[in-house]
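The values are calculated or read from the model by the stated rules, or taken from the named source; none is laboratory data. This one's a predicted model, so the numbers in the text were calculated from it and none came from an experiment. Cβ sites come from the backbone with ideal geometry, for glycine too, and all protein chains shown count toward neighbours.
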Amino acid sequence: MLEQTESIALQQPRQATQSDHAPSYYAASANPSPARETLKEDITTDVCIIGAGYTGLSSALHLLEAGFNVVVLEAAKVGWGASGRNGGQIVNSYSRDIDVIEKTVGKDKVALFGEMAFEGGKIIRERVEKYNIQCDLKDGGIFAALNDKQIKELEHQKALWERYGNDQLELLSASDIRGMVDTESYVGGLLDKSGGHIHPLNLALGEAAAVESLGGKIYEHSAAVSIQRGEPAVVQTAEGSVTAAFLIVAGNAYLGGLMPELQAKSMPCGTQVVTTEPLSEDLAASLLPQDYCVEDCNYLLDYFRLSGDKRLIYGGGVVYGARDPENIEAIIRPKMLKTFPQLANVKIDYCWTGNFLMTLSRLPQVGRIGSNIYYSQGCSGHGVTYTHLAGRLMSEVLRGQAERFDAFASLPHLPFPGGHMFSVPFSALGAWYYTVRDKLGI
Ligand SMILES: Cc1cc2nc3c(=O)[nH]c(=O)nc-3n(C[C@H](O)[C@H](O)[C@H](O)COP(=O)(O)OP(=O)(O)OC[C@H]3O[C@@H](n4cnc5c(N)ncnc54)[C@H](O)[C@@H]3O)c2cc1C
């Protein structure tokens with residue numbers, strides 16, 4: 001999710017070399033998960049996947065279910081990247097909505113995107129049920145409007161989503177939303193009962209266990225350091241290699257320069273999350289009585305929800321170029337208190353940052369390189385549902401059904417203006433422009 005510009009940074013993204021998960025509430029409340037071995041030999045498989053976030057794990061699971069042999073290489077640990085650190089909000093559609101895609105692909109082709117816009121959330125729920133994943137799944141998400149212009153946008157969004165089959169939507173008046181979120185910040189909203197929230201790391205860990213239950217192999221601390229392109233492709237790690245008929249690249253914001261052709265058209269960005277101490281039953285029930293998750297409608301947005309043990313998880317803050325801010329609480333706490341001044345005496349127990357990958361169009365960057373290397377990345381901060389859809393699209397395209405994958409692959413992507421040196425300040429300038437518009441409600 002995109003949020004407030006914290007500062008401009010020109011640093012390179014941090015490499016995925018850490019051995020532990022980020023010091024998040026999620027890591028502290030993770031379900032038990034086995035330590036996985038490092039790849040130390042040369043092996044052969046049908047499909048090698050780089051990255052054990054949702055994109056990699058969802059691809060692995062769909063491919064295993066379709067009968068492929070699959071090896072996943074993870075530089076750090078399962079769910080170490082955005083998938084184990086995010087706001088946990090199941091938000092339907094894409095980072096730019098179907099009407100924006102229509103302007104790019106035209107009326108004839110947009111229907112396919114509309115049909116897929118609500119599939120990712122369904123895949124998550126199917127996974128949770130089929131593999132009995134304990135991840136505090138709750139239904140219902142609110143888009144909260146801060147001004148009348150945003151109400152109009154939500155009315156438009158409701159009509160748009162209904163056109164593509166989402167009948168779970170309800171517009172909220174100022175008094176309706178006041179009964180769902182105990183703040184005076186909002187003038188209305190849109191409830192999507194097919195949205196919802198999860199403990200994101202436990203979802204990833206549960207999906208990894210499902211992958212292994214089907215015979216898939218996941219190696220941790222096994223970064224892909226080079227790729228020999230060809231048929232088959234050969235992926236080298238520090239101590240071993242994987243020879244594979246197909247390669248799926250799912251390293252997203254932490255991929256660095258492994259695939260140079262992808263790097264110029266995407267930019268890692270950091271966003272920050274805090275978690276309070278557990279709230280009293282009464283306070284939790286007054287803040288979010290129905291336990292819905294909430295994101296506001298600003299370009300640079302705030303997002304929050306309750307955890308399974310009734311803490312408030314509150315996110316925001318974007319650092320273009322993905323430098324880690326030193327004092328996350330100082331960035332996020334004022335936003336949280338602006339929404340919920342009643343939390344002034346509540347302690348923050350956890351603060352962390354994570355990187356998502358932004359594209360200039362804010363639509364996913366999807367495609368193939370040569371005949372057997374596939375990639376999907378760049379959900380621009382809105383990827384919990386899309387990444388699950390991406391896994392299904394990977395499985396379809398490897399089975400020769402390319403139509404839906406190719407729809408995403410057809411979305412054009414431009415390099416960031418200014419190249420490596422100036423993409424960060426240009427993007428921050430753009431975000432500043434949209435922030436001013438949001439503040440003025442224009
Ligand atoms: C703080 C935060 C909050 C967010 N909140 C939300 C939200 O509430 N709702 C929403 O829809 N979206 C949210 N997002 C976005 C969402 O989390 C991402 O779109 C999604 O998780 C991306 O999944 P992924 O698998 O593509 O990437 P990741 O989860 O980042 O996984 C990539 C993995 O690849 C590994 N890797 C990288 N390079 C290599 C290599 N060379 N070799 C081996 N492994 C490698 C990394 O270690 C990492 O584990 C948020 C993102 C962040 C950072």
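A compact table of results
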| item | result |
| --- | --- |
| Criterion: surrounded by fewer than 24 Cβ atoms within 10 Å (Cβ to Cβ) and modelled with pLDDT of 95 or more - qualifying residue of Pro32, Pro23 | Pro32 |
| Cβ-Cβ under 9 Å pairs, at least 6 apart or on other chains, segment 244-258 side under 20 Å from Lys217 (Cβ atoms) and within 6 Å of the ligand (Cβ to nearest atom), far side β-branched (Val, Ile, Thr) and at pLDDT 95 or above | Ala250/Ile49; Ala250/Ile50; Ala250/Thr55; Ala250/Val72; Ala250/Thr387; Gly251/Ile50; Gly251/Thr55 |
| Residues located in segment 209-225, provided they are touching a residue at least 12 places away in the same chain (Cβ under 8 Å) and more than 11 Å from the ligand (Cβ to nearest atom) | Ala209, Ala210, Val211, Ser213, Leu214, Gly215, Gly216, Lys217 |
| Boolean, Asp324 is within 21 Å of the chain's Cα centre (by Cα) and surrounded by fewer than 22 Cβ atoms within 10 Å (Cβ to Cβ) | yes |
| Residue list for segment 303-316, filter: crowded, with 24+ Cβ neighbours inside 10 Å and either closer than 18 Å to Ala253 by Cβ or not aliphatic (A, V, I, L, M) (or both) | Tyr303, Phe304, Arg305, Tyr314, Gly315, Gly316 |
| Which numbered condition Glu65 misses (of (1) crowded, with 16+ Cβ neighbours inside 10 Å; (2) at pLDDT 95 or above) | (1) |
